[in-house]
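K.L.:
What follows is a structure written as structure tokens; I'll ask about it next.
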Amino acid sequence: MLRIDNISFAYEKRTVLESIDIKAGRGEHVSIVGESGSGKSTLLKLIYGEYDLARGEIFWGNTRILGPKFNLVVGYDFIKMVAQEFDLMPFISVEENVGKYLSNFFLEEKKERVKELLEVVELNDFAKTKVKFLSGGQKQRVALARALAKQPEIILLDEPFSHIDNFKKQSLRRSLFNYLKQKNITCIVATHDHEDVLGYADQMVVMHNSKVIQRGTPEQLYKNPKNPLVASFFGEYNCINGLIVYDFQLKVKEGAPFIAEVEDCYYKGQYYLITGIGVSQKFLFRHPCPIEKGTKVHLEISAW
Ligand code: ADP
Ligand code: MG
């Protein structure tokens, strides 16, 4: 299992991570969540052994992860990372890239393995295509398949779907995360997309200003976000008398305590998102049909 014990790290003089503790069991899915610049990629690189720690230690089972100062060749064969910049070989095909580190000794098995992985990332039709002809999203999928080729015990994914369009993203996410669970591969995913987390992560860790500000299961954090930053990760919210209230928790009801004058109305498919101005604050709420600008509505906070 992965044990990150009280680690700190700085680039030059600038502290990026401070006293971080994270544990992840075999096959567990952990999401590292935070704004851009909060240190997610740095944390993954430290777990990979790309940099030396300023303080603390990282273990995978009994193996201590060491940085370049103590390790001639960066990385370990049980751990793979798909970084934000994926370095593929542009002039060879998708299947050659995926199978690059697999032995040619058992050629049939290698072929089968590559085929299986291309299925996971839904790229079978492009097996023979040279990587230089692929889109950014397709390249990202090749990088994912290649990282899985030698069946790592732990995989580090840095915003793994950032280049992939919405048409593909949902099914790819299910396919990849199900595959990792099925193979009992521990995965640590850096993301700023709640859709990568809800329904998939066993635990999530929210980073801000170099520190972990909240952690728990996605359900715990969703239901009890500690502050507006955590709430904003999940969606639209209001701060009402110090309470965080999601847009869907605020309902129009005759005689309810909060009064707002409707400002704007946005079609969201299943509902309309409505903004309104109250006596001392703005309100954001969902409503099944549009409401005309200037209408006065009464709002109440509904229970979960
Ligand atoms: P995230 O992945 O959450 O966006 P990063 O780990 O990439 O955050 O970056 C955290 C902070 O460290 C940022 O302020 C970034 O500018 C800085 N940083 C990242 N990489 C380097 C580097 N190689 N040298 C110096 N500063 C860096
Ligand atoms: Mg990053």
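The values are calculated or read from the model by the stated rules, or taken from the named source; none is laboratory data. Keep in mind it's a predicted model, so treat the numbers as computed, not measured. Ideal geometry is used to build each Cβ from the backbone, glycine not excepted, and the neighbour counts take in all protein chains shown. Heavy atoms of the whole protein, side chains included, go into the accessibility calculation; ligands, DNA and RNA do not. Shrake-Rupley method; radii C 1.70, N 1.55, O 1.52, S 1.80 Å.
K.L.:
For residue 240, enumerate residues with amide H under 5 Å from its amide H, sequence gap 5+ or separate chain, H modeled in the peptide plane.
P.N.:
It is 245, by chain and number.
K.L.:
Could you size up the charge dipole of the chain around its Cα centre, putting +1 on the beta carbon of Lys and Arg and -1 on that of Asp and Glu, and report it in debye to the nearest 20?
P.N.:
So the magnitude is around 380 debye.
K.L.:
Ignoring everything but the protein chains, give the 1.4 Å probe accessible area of residue 146 in square angstrom, nearest 10.
P.N.:
30 Å²
K.L.:
Are there GluC sites (Glu not before Pro) in segment 1-52 that DSSP marks as loop and that have at most 14 other Cβ atoms within 10 Å, and which are they?
P.N.:
Filter output for segment 1-52: 12.
K.L.:
With θ set to phi - 60° and the Karplus curve 6.51 cos²θ - 1.76 cosθ + 1.60, what are the ³J(HN,Hα) couplings of segment 205-211 in order, to the nearest whole Hz, using x for Gly and Pro?
P.N.:
10, 9, 9, 7, 6, 6, 10
K.L.:
For segment 61-132, report the % of Cα-Cα distances exceeding 19 Å.
P.N.:
49 percent
K.L.:
In whole percent, and with a 1.4 Å probe on the protein chains, what portion of the accessible area of segment 1-84 is carbon and sulfur? If you can, show how the numbers build up before the last one.
P.N.:
Working: 2000 of 4170 Å².
The value for segment 1-84 is 48 percent carbon and sulfur by accessible area.
K.L.:
Listed highest first by mean packing, meaning other Cβ atoms within 10 Å per residue, what order do 79-85, 154-160 come in?
P.N.:
154-160, 79-85
K.L.:
Where the only charges are on Cβ atoms (+1 Lys, Arg; -1 Asp, Glu), what is the dipole of segment 149-304 about its Cα centre, to the nearest 20 debye?
P.N.:
360 debye
K.L.:
So for the chain, taking the charge dipole from beta-carbon charges (+1 Lys/Arg, -1 Asp/Glu), which of 218, 256, 82 sits furthest toward the positive end?
P.N.:
Value: 82.
K.L.:
Would you mind checking 69/223; 115/223; 40/223; 169/293; 268/296 for any pair whose Cα atoms are more than 32 angstrom apart?
P.N.:
69/223; 115/223; 169/293
K.L.:
Tell me, what are the semi-axes, in whole angstrom and largest first, of the equivalent ellipsoid of the chain as set by the roots of 5 times the Cα gyration tensor eigenvalues?
P.N.:
Values for the chain, descending: 42, 25, 15 Å.
K.L.:
Considering amide H positions built from the backbone, and no H for Pro or chain starts, which residues 5 or more places from residue 208, or on another chain, come under 5 Å of its amide H?
P.N.:
For residue 208, whose amide H was placed from the backbone, the distant partners under 5 Å are 213.
K.L.:
Tell me, what is the 1.4 Å probe accessible area of residue 298, in Å² to the nearest 10?
P.N.:
60 Å²
K.L.:
Gain in length, residue 109 to residue 127, computed as 0.36 nm per residue apart minus the alpha-carbon separation, to one decimal in nm? Could the numbers behind the result be given before it?
P.N.:
Values: separation 18, 0.36 × 18 = 6.48 nm, distance 1.61 nm.
Full extension of this stretch gives 4.9 nm more.
K.L.:
Report the relative contact order of segment 2-227, percent, no decimals, based on alpha-carbon pairs under 8 angstrom and at least 6 residues apart.
P.N.:
28 percent
K.L.:
Turning to a different aspect of this structure: Pick out, from 281, 97, 207, the residue whose Cα sits farthest towards the positive end of the charge dipole of the chain, with +1 on the Cβ of Lys and Arg and -1 on the Cβ of Asp and Glu.
P.N.:
97
K.L.:
What part of the accessible area of segment 186-304, given as a whole %, is carbon or sulfur when the probe is 1.4 angstrom?
P.N.:
Here it works out to 51 percent.
K.L.:
Here's another thing I want to ask about it. Could you list which residues have their amide H under 5 Å from that of residue 216, counting only those 5 or more apart in sequence or on another chain, with H placed in the peptide plane?
P.N.:
204
K.L.:
Heavy-atom accessible area per residue, the chain, 1.4 Å probe: how many Å²?
P.N.:
Result: 52 Å² of accessible area for each residue.
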